[in-house]
Amino acid sequence: MIEDLVRKDIESLRFAHPYVPKKYINLSQNEPLRGIIGDKYATRYIGPHYYELKDRLAAYFGLKRENFVITNGANHGIDVCCRCFLEPGDSAAMYDPSYGPYFMIPMINGRSVVRLTLDENFEPDWSLFERSDAKMVYIPNPGNPTANLLSLDTIREGLDTGKVVVVDEAYAEFTDVTAVDLINDYENLVVLRTFSKVWALPGARVGYTIACEKTSDYLELSHIPYHMANPSLKLAHDVLDHQEEMEQLVRDTIELREELREGLRALGLHPYPSYTNFVLVEFPKEVDASRIFHELLERNIFVNNVSGQPRIENCLRISVGLREENEALLRELGAVLEQWADSFNTVVR
């Protein structure tokens, strides 16, 4: 099946990139004689398949190394899918409101994007995708910026269209739902993951795709060789030894997230339920969320202005910060809202 969905010239990209075992004297890659600053992780090439990190991930998920492709962050995974499946004239789809790079990256690659809209519950109507000309869809789960969670049954409905479904699970560790459970049932499924969120390595730029072995093989053909930095790979490899700390970070974030949501409710606002490390908050119609964004900027607080997108026309997205940062946000937001206090029932801290 997947052979019918990848680009027709995909096999022409199957170049030979030999894996050189460490026991070999390697005189094939024009590496320097020694390091200048003594960095043992930067004086030799590692890759291009990054088996060591794949093996760690395989053990973590109970899968095989062949199920993984290492990417330069999850955004690179979006790009790899675009290069793997879309030919000139093909298009991707996304359901607004959603993550901006789903539009940006196909456009950079010269591919068009079909923009669909989530329903009022932030759920996709898969019939819209099925009827569209799009060959592939990007769908975040949990959602971004909506922070909601789709069920596996909903994901299955999308996969049953027979088109490529890319499920971006950047925040999956905040839930117990993952489409990784479906990869051996659907060749048209690609799951994106990242080390940037719960593994706390956003600056390292390490992500990965998970798919069945056949699909992963095609994805591996769709990126440039040696695309990862060795120090980043080392950080990702080592952080997997700290699962307990990661799980504690998730628990701490959830506690602070719920405190933040309660504080927003106390100001008379509507924070949506969240399965992520951020909160989507809706303002009453009497209050202009975009104006709130700019007034918070003047108070040295920067949130994400997502207002104007379908279904969230008067909303802001607020990341969960440290407790003192959240308290500062609530204090300044309360002060800004005072000017609208006569327009709706609010309690200002």
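Helix 51-61: angle to the longest alpha-carbon principal axis of the chain, degrees 0 to 90, nearest 10?
The two axes meet at around 50 degrees.
Give the long-range amide H neighbours of Asp125: residues separated by 5 or more places, or on another chain, with amide H under 5 Å away, using H modelled in the peptide plane at 1.01 Å from N.
For Asp125, the qualifying residues are Asp119.
Which lysines does Lys163 reach when only Cα atoms under 28 Å apart count, and residues fewer than 8 places away in its own chain are ignored?
List returned: Lys8, Lys54, Lys64, Lys135, Lys214.
Relative contact order (percent) for the range 176-304, with alpha-carbon contacts under 8 angstrom and 6 or more residues of separation? All intermediate terms of the calculation are to be shown ahead of the outcome.
Details: 101 pairs, mean separation 17.9, N = 129.
It rounds to 14 percent for the range 176-304.
Arrange the following residues from fewest to most other Cβ atoms within 10 Å of their Cβ: Leu159, Leu322.
Numbers: Leu159 20, Leu322 10.
With the sparsest Cβ surroundings first, the list reads Leu322, Leu159.
Please give the calculated 222 nm ellipticity per residue for the chain, where each DSSP H segment of at least 4 residues contributes -39500 (n - 2.57) and the sum is spread over every residue; nearest 500 deg cm²/dmol? Intermediate results must be reported in sequence, preceding the final value.
Details: 10 runs with 112 residues, N = 349.
Rounded to the nearest 500, the figure is -10000 deg cm²/dmol.
What's the exposure ranking of Ser98, Ser28, Ser132, going from fewest to most Cβ atoms within 10 Å? Let's see the in-between values first.
On the way: Ser98 25, Ser28 10, Ser132 16.
Least to most surrounded, the residues fall as Ser28, Ser132, Ser98.
To make sure I understand the rule: partners must be aspartates and glutamates, Cα under 14 Å from the Cα of Lys22, and not fewer than 8 residues away in the same chain. Which ones qualify?
Here the aspartates and glutamates satisfying the reach criterion relative to Lys22 are Glu52.
Could you tell me how many cubic angstrom of Cα convex hull volume the range 244-340 has per residue? It would help to have the intermediate numbers written out before the result.
Details: hull volume 9.0 nm³, N = 97.
Cα-based convex hull of the range 244-340, divided per residue, equals 93 Å³.
Can you give me the relative contact order of the chain as a percent, contacts being Cα pairs under 8 Å and 6 or more apart? Working shown, then result.
Values: 594 pairs, mean separation 58.1, N = 349.
Rounded, it is 17 percent for the chain.
Report the antiparallel proportion of the DSSP beta bridges in the chain as a percent, rounded to a multiple of 5.
Working: 17 of 35 bridges.
Taking every DSSP beta bridge with both residues in the chain, the antiparallel ones total about 50 percent.
Calculate how steeply helix 289-298 sits against the longest principal axis of the alpha-carbon atoms of the chain, using the helix alpha-carbon long axis, and give the answer as 0 to 90 degrees to the nearest 10.
Once rounded, the angle reads 80 degrees.
Quick check on the exposure proxy: order Ile210, Ile292, Ile254 from fewest to most C-beta atoms within 10 angstrom. Can you show the working numbers first?
Details: Ile210 26, Ile292 22, Ile254 16.
So the ranking, lowest neighbour count to highest, is Ile254, Ile292, Ile210.
Restricting to Cα pairs below 8 Å that are 6+ residues apart, what does the relative contact order work out to for the range 244-340? Please round to a whole percent.
Values: 116 pairs, mean separation 25.4, N = 97.
Value for the range 244-340: 26 percent.
Coordinate-derived values only; no laboratory data. Predicted model, so just to flag it, every value in this text is computed and none were measured. Using ideal geometry, Cβ is built from the backbone for each residue, glycine included, and neighbour counts are taken over all protein chains shown.
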